[in-house]
Amino acid sequence: MELEKVLFVVLDEYADWEAASLAAALNEKPEQSEQKYEVKTVSLSKDPVSSIGGFRVVADYTVDEVGDDFAGLVLIGGNSWRKEESKAVQQLVQKALDGNKVLGAICDATVFLGMNGVLNHIRHTSNHLPELQDVAGENYTNEARYVEQQAVRDGNIITANGSAYLEFGKEVMTALESAPQPEIDEWYEFFKSGYYEFIKNR
């Protein structure tokens with residue numbers, strides 16, 4: 001079976017810890033079903049980008065090279081989403097929205113969605129509502145549906161704050177149906193509670 005692509009957008013100074021656990025879970029075979037997805041990276045160019053932690057990545061694709069043949073798009077947080085050049089990613093976001101594909105954004109990538117009007121018709125979260133309002137300005141009009149929780153899923157769109165990479169991962173995997181739900185729940189509980197608490201409660 002041909003694997004479907006889940007695209008991770010990584011810009012310079014991306015938050016590597018927000019990507020790693022979800023990417024690993026998607027990029028391997030579940031215990032009780034077949035593997036459905038492969039992870040590919042996207043950036044603004046083929047020049048190496050460095051994470052906040054110093055990991056360097058040469059993306060598989062530039063934003064201009066991506067067609068419609070992907071199942072999910074994951075925007076990883078970091079320090080570049082408010083820069084002018086990040087606007088080029090919006091064309092890829094629009095492809096995801098038009099194709100009703102899974103779209104995930106964590107940390108400052110949620111602010112990027114707010115800046116581009118994507119959050120105006122869905123339940124969502126971010127790092128801090130006043131900051132979202134301040135940075136997104138008049139392009140953001142949906143504070144009534146802002147939710148103060150780690151991660152929020154509304155249909156195929158998942159948003160999360162920067163401390164919620166496990167909750168974010170769980171919601172993205174659930175939306176993609178990347179594994180049987182009990183496996184996804186187990187993955188989350190294992191890393192959230194830690195090995196010894198997890199074993200104690202089995």
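The values are calculated or read from the model by the stated rules, or taken from the named source; none is laboratory data. Remember, predicted model here, so these are calculated numbers, not experimental data. As a convention, Cβ positions derive from the backbone with ideal geometry for all residues, glycine included, and neighbour counts pool all protein chains shown. Heavy atoms of the whole protein, side chains included, go into the accessibility calculation; ligands, DNA and RNA do not. Shrake-Rupley method; radii C 1.70, N 1.55, O 1.52, S 1.80 Å.
Observations
- For residue 149, the stated conditions hold: it is under 23 Å from residue 176 (Cβ atoms), modelled with pLDDT of 95 or more and out of contact with any strand residue (DSSP E or B) (no Cβ under 8 Å at 6 or more places or on another chain).
- Among the conditions (1) in contact with a Pro (Cβ under 9 Å, 6 or more places away or on another chain); (2) touching a residue at least 24 places away in the same chain (Cβ under 8 Å); (3) over 16 Å from residue 173 (Cα atoms), residue 14 misses just one, which is (1).
- Boolean, residue 179 is open to solvent by less than 70 Å² (accessible area, probe 1.4 Å), among the hydrophobic types (A, V, I, L, M, F, W, C) and within 16 Å of residue 124 (Cα to Cα): no
- Residues of the range 1-26 satisfying the condition of being in a loop (DSSP other than H, G, I, E, B), at pLDDT 95 or above and within 18 Å of residue 179 (Cα to Cα): 3
- Qualifying residue in the range 161-169 (condition: surrounded by 21 or more Cβ atoms within 10 Å (Cβ to Cβ) and more than 13 Å from the chain's Cα centre (by Cα)): no
- None of 97, 119, 92 is open to solvent by 20 Å² or more (accessible area, probe 1.4 Å) and among the hydrophobic types (A, V, I, L, M, F, W, C) except 97.
- Of all the residues in the range 27-86, those that are among the aliphatic types (A, V, I, L, M), in a strand (DSSP E or B) and farther than 17 Å from residue 5 by Cβ number 1.
- Every condition in (1) open to solvent by less than 50 Å² (accessible area, probe 1.4 Å); (2) touching an Asp or Glu at 6+ places or on another chain (Cβ under 8 Å); (3) among the small types (Gly, Ala, Ser) is met by residue 53 except one, and the failing one is (1).
- Within the range 98-115, no residue satisfies the criterion of being over 19 Å from residue 10 (Cβ atoms) and under 13 Å from the mean Cα position of the chain (by Cα).
- Residue check for residue 44: of a type outside the set (Gly, Ala, Ser), in contact with a strand residue (DSSP E or B) (Cβ under 8 Å, 6 or more places away or on another chain), touching a residue at least 60 places away in the same chain (Cβ under 8 Å) and surrounded by 15 or more Cβ atoms within 10 Å (Cβ to Cβ): no
- Taken across the range 116-135, residues that are within 17 Å of residue 8 (Cβ to Cβ) and not small (Gly, Ala, Ser) do not occur at all.
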